[in-house]
Amino acid sequence: MKSQDLTTAYRDPAVARALLRQIETTVRNYRRQMTLMEVCGTHTMAIYQHGIRALLPEQIRLISGPGCPVCVTPVDYVDRAVALARRPGTIITTFGDMVRVPGSSSSLLREQAAGADIRIVYSPLDAIAIAACNPGKEVVFLGVGFETTTPTVAGAVLAAEKQGLTNFSVLGSHKTMPAPMMALTSDPELQVDGYLCPAHVSAIIGADAYRPIVEACRVPCVVTGFEPLDVLRGVLMLARQVVEGRAEVENEYSRVVRPDGNPKARQILETVFEPCDARWRGIGVIPGSGLRIRNSHAAFNAELKLPVEVEEPVEHKGCLCGEILKGKVRPGDCPLFRKICTPEDPVGACMVSSEGTCAAEYKYGNI
Amino acid sequence: MNSALILLGHGSGGKLSHQLLDDIIIPALSGIAPEEQNDAAVLPAIDGELAFTTDTYVVDPIFFPGGNIGDLAINGTVNDLAMAGAVPVAISVGLILEEGLPVADLQQVLASMRQAADTAGVRIVTGDTKVVPRGKGDKIFINTAGIGRIPAGRKISGSAARPDDKVLINGPVGDHGMAVMASREGLELTADIRSDSTALNGLVEDLFTACGDKLHVLRDPTRGGVATTLREIAGQSGVDITLEEQAIPLSEGVRGACAILGLDPLFVANEGKLLALVAPEAAEDALAAMRRHPAGRQATIIGEVTAASNGRVLMRTGIGGLRAIEMLSGEQLPRIC
């Protein structure tokens with residue numbers, strides 16, 4: 001299939017209109033407002049990019065959740081990355097989003113301007129290649145992301161091991177997805193009526209991974225793709241479940257996501273990583289929601305291998321990223337939004353990442 | 001030339017400098033005879049208003065699919081003049097060379113500059129060459145200045161957009177930026193994407209012939225892409241512009257690469273595109289004129305000025321939604337997942 005077909009087939013305006021009519025019909029006699037949370041940052045971007053929120057009937061409220069990996073990375077992780085960047089003979093390799101995230105007193109972008117060797121890569125394997133070409137330097141890859149990217153990081157660690165590289169390591173802050181959804185459903189201040197479950201993550205973990213949420217919390221889950229028609233179908237499937245009082249796992253994105261996901265990717269992941277408790281920016285510690293490098297591969301764990309002094313973490317007062325990540329407030333409710341906090345000079349992580357809620361609202365929401 | 005590499009001595013002002021100029025640079029760029037070489041070029045008297053522009057080119061890599069830093073520098077300067085409604089007359093070229101640059105690379109760049117200048121019908125009349133130590137530059141930097149003549153009666157400005165004006169573009173967006181990015185990063189998925197670098201002065205003349213004073217705004221959407229350029233125009237003119245997402249031409253390769261990398265093609269740089277805002281009654285004539293020109297075969301109307309306002313750009317999405325378009329903030333960076 002050509003790449004054009006991959007997108008245009010899921011952007012047909014006539015199909016979109018038909019789906020919107022079905023959504024309207026479904027909720028016409030529903031008297032409450034239903035709150036649907038898109039968990040994934042790419043969904044947030046898709047919703048803004050295609051102007052979907054304003055097309056939906058007023059009974060449906062879409063809110064954004066903690067699915068942007070950069071946004072939920074705690075500030076002390078950035079501080080540690082900054083400290084490593086200042087370490088002589090160190091090359092920091094990272095996906096682009098991370099370089100602008102503000103730490104307590106600096107960011108990787110500022111360290112780069114001050115002379116640190118920071119390189120943006122498109123794959124963890126690029127970092128391996130840099131390590132092979134720079135035997136006299138330590139190459140650290142910033143491992144941030146959900147189950148989508150963690151298998152590729154695991155693959156890079158295995159490749160480094162196979163090549164006998166001793167100058168490559170990963171500073172990890174990997175997280176897993178169903179856990180924060182469970183945590184949010186038990187938050188008494190938040191009423192989520194249904195989840196649009198992330199597409200990329202689900203391709204790895206499988207649709208069945210959300211069964212504990214529907215069984216324990218009675219919240220409908222629909223695995224949904226990223227094209228606008230995917231999102232509209234996902235909303236329709238969720239709306240039907242809510243109106244009919246059902247709570248099931250449904251899979252809108254069955255062209256990619258299987259019930260059991262991708263076992264091979266998970267196997268690679270489990271060879272290198274093991275579950276751990278993880279701190280989520282704005283949410284706090286969620287037991288078992290993170291992934292850390294196993295002791296068997298400790299030689300590739302930058303945190304153990306390269307001890308550095310890290311400054312005391314400081315969060316900006318007034319920044320509501322935490323509340324925004326939980327879907328409790330909208331970007332416009334934050335006193336810093338568009339005034340002090342902008343994409344050029346972001347205060348909170350939600351404004352930094354291209355998938356952050358505040359960045360999306362800033363970029364696309366001024367209509 | 002005895003050396004196959006640029007040496008510091010080539011910038012010394014002495015014998016090596018003269019060899020570089022006399023053997024390589026002047027024959028390639030202008031062919032001005034030694035007896036005509038003075039400290040400044042003398043231009044013929046020009047009747048009417050002048051346009052004057054300068055730009056500096058620092059692209060990495062210097063060779064990319066569809067062009068190199070040399071033709072980019074000439075085309076970019078020609079286009080900056082053309083976007084002011086000017087007919088290019090003369091260009092200056094300042095070369096900053098890094099010690100160790102292969103002379104063959106320099107020759108290839110110079111040949112491309114001459115060819116681009118000949119194609120655009122403009123002369124390179126003066127220049128300068130400096131050499132910086134290895135590591136203090138990046139192979140080659142080029143600074144240009146250009147002078148153009150504005151024919152009587154032309155009033156082109158970013159502040160001249162009016163309600164109901166149509167917004168036209170001469171072809172698909174994002175090819176140059178994506179070709180350079182793919183070449184720099186070694187992205188194999190974008191092998192068929194080539195820079196659109198080209199001179200647009202001929203196309204601009206055809207537009208003036210077709211539209212006359214109904215042509216209100218011309219701007220080439222280079223760095224920052226179509227989105228940032230239209231925001232500039234909307235702000236300068238105090239109008240709202242609404243784009244139709246489905247009308248914006250996009251090559252299959254750029255569409256796919258942007259989807260995979262998480263980039264918005266509206267923010268990706270172009271080097272052979274222009275945005276023209278024309279009065280509605282002249283829009284069809286403008287479109288026809290563009291499509292007759294080789295640089296405008298895929299021209300299309302992508303939107304219109306919808307209101308006198310405070311400078312917003314909106315997009316009607318393919319499924320009927322509406323979203324805002326802001327200026328590019330910093331660099332576009334590939335996303336994590």
State all residues of segment B:192-210 that are open to solvent by less than 10 Å² (accessible area, probe 1.4 Å) and assigned to a helix (DSSP H, G or I); if no residue qualifies, say none. B:Leu203, B:Val204, B:Leu207
List every residue pair whose Cβ atoms sit under 6 Å apart, with the two residues 6 or more apart in sequence or on different chains, where the first one lies in segment A:57-81 and is within 14 Å of chain B (Cβ to nearest Cβ) and the second, anywhere, is polar (S, T, N, Q) and surrounded by 20 or more Cβ atoms within 10 Å (Cβ to Cβ). A:Cys68/A:Ser353; A:Val70/A:Ser353; A:Cys71/A:Ser353; A:Thr73/A:Ser173; A:Tyr77/A:Ser173
Looking at segment B:223-247, which of its residues are part of a loop (DSSP other than H, G, I, E, B), within 19 Å of the chain's Cα centre (by Cα) and at pLDDT 95 or above? none
Complete set of residues in segment A:30-56 that are part of a loop (DSSP other than H, G, I, E, B) and within 14 Å of chain B (Cβ to nearest Cβ): A:Val39, A:Cys40, A:His50, A:Gly51, A:Ile52, A:Leu56
For segment A:233-270, what are the residues that are part of a loop (DSSP other than H, G, I, E, B), of a type in the set (Val, Ile, Thr) and surrounded by fewer than 19 Cβ atoms within 10 Å (Cβ to Cβ)? A:Val256
So, A:Asp277, is that one outside any loop (DSSP other than H, G, I, E, B), acidic (Asp, Glu) and open to solvent by 60 Å² or more (accessible area, probe 1.4 Å) or not? yes
Looking only at residues that are at pLDDT 90 or above, among the small types (Gly, Ala, Ser) and open to solvent by 30 Å² or more (accessible area, probe 1.4 Å) in segment B:278-319, which one is farthest from A:Arg338 (Cα to Cα)? B:Ala288
Residue among A:Leu125, A:Leu108, A:Leu165 that is more than 27 Å from A:Gln241 (Cα to Cα) and open to solvent by less than 10 Å² (accessible area, probe 1.4 Å): A:Leu108
Taking B:Ile260, is it within 13 Å of chain A (Cβ to nearest Cβ), open to solvent by less than 10 Å² (accessible area, probe 1.4 Å) and over 24 Å from B:Val313 (Cβ atoms)? no
Touching a residue at least 12 places away in the same chain (Cβ under 8 Å), open to solvent by less than 60 Å² (accessible area, probe 1.4 Å) and of a type in the set (Asp, Glu) - does that describe any residue in segment A:347-367? yes
Only one of A:Lys305, A:Lys363, A:Lys326 is touching a strand residue (DSSP E or B) at 6+ places or on another chain (Cβ under 8 Å), basic (Lys, Arg) and modelled with pLDDT under 90. Can you tell me which? A:Lys363
Those residues of segment B:41-76 which are assigned to a loop (DSSP other than H, G, I, E, B) and open to solvent by less than 70 Å² (accessible area, probe 1.4 Å), in sequence order: B:Ala41, B:Leu43, B:Ile46, B:Gly48, B:Val59, B:Asp60, B:Pro61, B:Ile62, B:Pro65, B:Gly66
Please indicate, with yes or no, whether at least one residue in segment A:301-315 is under 20 Å from A:Leu171 (Cβ atoms), free of Cβ contacts under 8 Å to residues at least 40 places away in the same chain and touching a Gly at 6+ places or on another chain (Cβ under 9 Å). no
Spot the failing condition for B:Asp118; the list is (1) in contact (Cβ under 8 Å) with a residue 40 or more places away in the chain; (2) part of a helix (DSSP H, G or I), and only one is missed. (1)
Condition first: in a loop (DSSP other than H, G, I, E, B), open to solvent by less than 30 Å² (accessible area, probe 1.4 Å) and in the same structural domain as B:Pro88 (by the TED database). Can you find one or more residues in segment B:168-187 that meet it? no
Here is a check on your reading of the model: is B:Ala276 over 18 Å from B:Val173 (Cα atoms), of a type outside the set (D, E, K, R) and not in a loop (DSSP other than H, G, I, E, B)? no
So how many residues does segment A:126-149 have that are away from chain B (no Cβ under 12 Å), in a helix (DSSP H, G or I) and of a type in the set (A, V, I, L, M)? 5
So which pairs qualify, if the first residue must be in segment B:169-198 and in contact (Cβ under 8 Å) with a residue 40 or more places away in the chain, the second must be assigned to a helix (DSSP H, G or I) and among the polar types (S, T, N, Q), the Cβ gap must be under 7 Å, and the two must be at least 6 apart or on different chains? B:Met178/B:Thr190; B:Ala182/B:Thr190; B:Ser197/B:Asn75; B:Thr198/B:Asn75
Complete set of residues in segment A:83-114 that are in a helix (DSSP H, G or I), more than 14 Å from chain B (Cβ to nearest Cβ) and not charged (D, E, K, R): A:Ala83, A:Leu84, A:Ala85
Pull up segment A:296-330, narrow it to residues that are among the acidic types (Asp, Glu) and more than 19 Å from the chain's Cα centre (by Cα), then point me to the one that is most open to solvent (accessible area, probe 1.4 Å). A:Glu309
Residues in segment A:14-23: is at least one under 14 Å from A:Leu196 (Cβ atoms), crowded, with 24+ Cβ neighbours inside 10 Å and within 14 Å of another protein chain (Cβ to nearest Cβ)? no
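The values are calculated or read from the model by the stated rules, or taken from the named source; none is laboratory data. These numbers come from a predicted model, not from an experiment. Cβ coordinates were reconstructed from backbone atoms using ideal geometry, including for glycine residues, and neighbour counts include every protein chain displayed. For accessibility, only protein heavy atoms count, side chains too; no ligands or nucleic acids. Shrake-Rupley method; radii C 1.70, N 1.55, O 1.52, S 1.80 Å.
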